[in-house]
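Quick notes on the structure that follows.
The values are calculated or read from the model by the stated rules, or taken from the named source; none is laboratory data. Note that this is a predicted model, so its numbers are computed, not measured. When we count neighbours, we look across all protein chains shown, and the Cβ atoms used for this are built from the backbone with ideal geometry, even at glycine. Remember, those area values only see protein heavy atoms, side chains included, never the ligands or the DNA or RNA. Shrake-Rupley method; radii C 1.70, N 1.55, O 1.52, S 1.80 Å.
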Amino acid sequence: MKSIADYVALEPEYYQHILDNYQTLFANIIDLSRIKQLNAIVIFATGSSANAAYSARPFMSKILNVPVYIEDPSIAANYSYYNDPNNLYFAISQGGESYSTIHLVKQFVENNQTIYSLTSNPSSPLYKVSNHILSMGMPIEEMPYVSAGYSVTILDLMLIALAISQKLARINAQQFESYFTQIQKITQLLPQAILQSQAWVAKHQDQFNQTNRVIFIGYGATYGIAREGETKFTETVRNTAFGKELEEYMHGPYLGLHRDDYIVFIEPQGRLMDRAELLKQFLKQYVQNIATIYAHDTKTPKTADLCLNIECDELLSSLFMTIPIHLLSYQVSQLKGHNLEKSTYPEFDEITKSKIKRVTV
């Protein structure tokens, strides 16, 4: 079975395949004829799929000029109501086995509502119950703790938004080409970002292995990366991690600070960079270990920092800034001796039915 690191190494190949085929994958499938005026995008997802949606949301909202909502499928199916004909609804499950997502999509289909399911598994229960399928454009990820699938989901959502925006004439051909060219450039620079991330992880992995708690902080497009840091570090390292939005962390959670916390800022070098610097000034008084992962360069990098040296729109930074987080989580899990191919609690899905391997339709 391929490891998380193996799948991270495959991301440039997956990205390029999707860029070459985005029209077949997305643009030619999404039907906008029933929509008089697009009011909102609503995305239903959990776990890493939700984290990816948060990473793509700022870009999607900007180019579509509408709000993009990310909803928990379980809450949506049991406690909420969605019936705006001018909204576009998407459900995401890479493996297509998430119980709550399948349950929600079945409700939409039974109510004759259109919902697009994004998955990489054509044999999955989600695929079978859906009325509109969007292929992620990559093979099924064998590793249960997804890495490439998370990153590909971000790219997919951005390209879906670009395709919709172009169809609705909310961006012109020149704007479309500008964004597409930036994404293509990022794809070409991914191998460089992987090498830089590997070197950074090798240098600092022992410190992360020894710490009791890691806190990831992001904003804008990197808020979803902070969430993914919490998810992946907790899943693989099996140690406490938190992922917070910058202002969210400053409004209460900082009071639970411990001196031995390791705090990682995921810095897209965007609108809230000055706010992040102020928080760092405060934290330096109370925490020994603070690292910043920068999208491009910085004049005064600290020893613990990583500069990925990719100049781009801050809203596209989530396409590459999770690479060091995924590699860090994997490497520290190996230092701790965890076998990621084997479930820590094999009885969990058997009892909770959180994942559905087959379904009767």
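List of remarks:
- Qualifying residue in the range 147-161 (condition: surrounded by 15 or more Cβ atoms within 10 Å (Cβ to Cβ), of a type in the set (A, V, I, L, M, F, W, C) and either assigned to a loop (DSSP other than H, G, I, E, B) or free of Cβ contacts under 8 Å to residues at least 60 places away in the same chain (or both)): no
- When A27 is tested against (1) at pLDDT 95 or above; (2) among the hydrophobic types (A, V, I, L, M, F, W, C); (3) under 18 Å from R170 (Cα atoms); (4) open to solvent by 10 Å² or more (accessible area, probe 1.4 Å), only condition (1) is not met.
- As a summary of the residue check, K128 satisfies the conditions (1) assigned to a helix (DSSP H, G or I); (2) under 21 Å from A40 (Cα atoms) except for the one numbered (2).
- First in the range 96-114 and open to solvent by less than 60 Å² (accessible area, probe 1.4 Å), second anywhere and charged (D, E, K, R) and not in a loop (DSSP other than H, G, I, E, B), Cβ under 7 Å, 6 or more apart: E97/K355; S98/K355
- Residues of the range 244-255 include none that is in contact with a Lys or Arg (Cβ under 7 Å, 6 or more places away or on another chain) and closer than 18 Å to G47 by Cβ.
- Pair list, Cβ < 6 Å and 6+ apart or interchain, from the range 278-296 residues that are within 16 Å of I266 (Cβ to Cβ) to residues that are open to solvent by less than 10 Å² (accessible area, probe 1.4 Å) and aromatic (F, W, Y): N289/Y262; T292/F265
- Any chance K62 is of a type outside the set (S, T, N, Q), open to solvent by 50 Å² or more (accessible area, probe 1.4 Å), modelled with pLDDT of 95 or more and under 24 Å from L162 (Cα atoms): yes
- Subset tally (residues that are open to solvent by 30 Å² or more (accessible area, probe 1.4 Å), in a helix (DSSP H, G or I) and either more than 15 Å from T322 (Cβ to Cβ) or among the β-branched types (V, I, T) (or both)) for the range 206-229: 4
- Checked against (1) without any contact (Cβ under 8 Å) to a residue 60 or more places away in the chain; (2) in contact with a Cys (Cβ under 9 Å, 6 or more places away or on another chain); (3) within 30 Å of M60 (Cβ to Cβ), P301 meets all criteria but (3).
- Residues in the range 332-355 that are in contact (Cβ under 8 Å) with a residue 60 or more places away in the chain, assigned to a loop (DSSP other than H, G, I, E, B) and small (G, A, S): S343, S354.
- Count of the range 1-46 residues which are of a type outside the set (D, E) and outside any helix (DSSP H, G or I): 21
- Test: residue in the range 162-179 that is within 24 Å of E228 (Cα to Cα) and of a type in the set (S, T, N, Q): no
- Filtered residue count, the range 239-264, keeping only those that are under 13 Å from F282 (Cβ atoms) and assigned to a strand (DSSP E or B): 1
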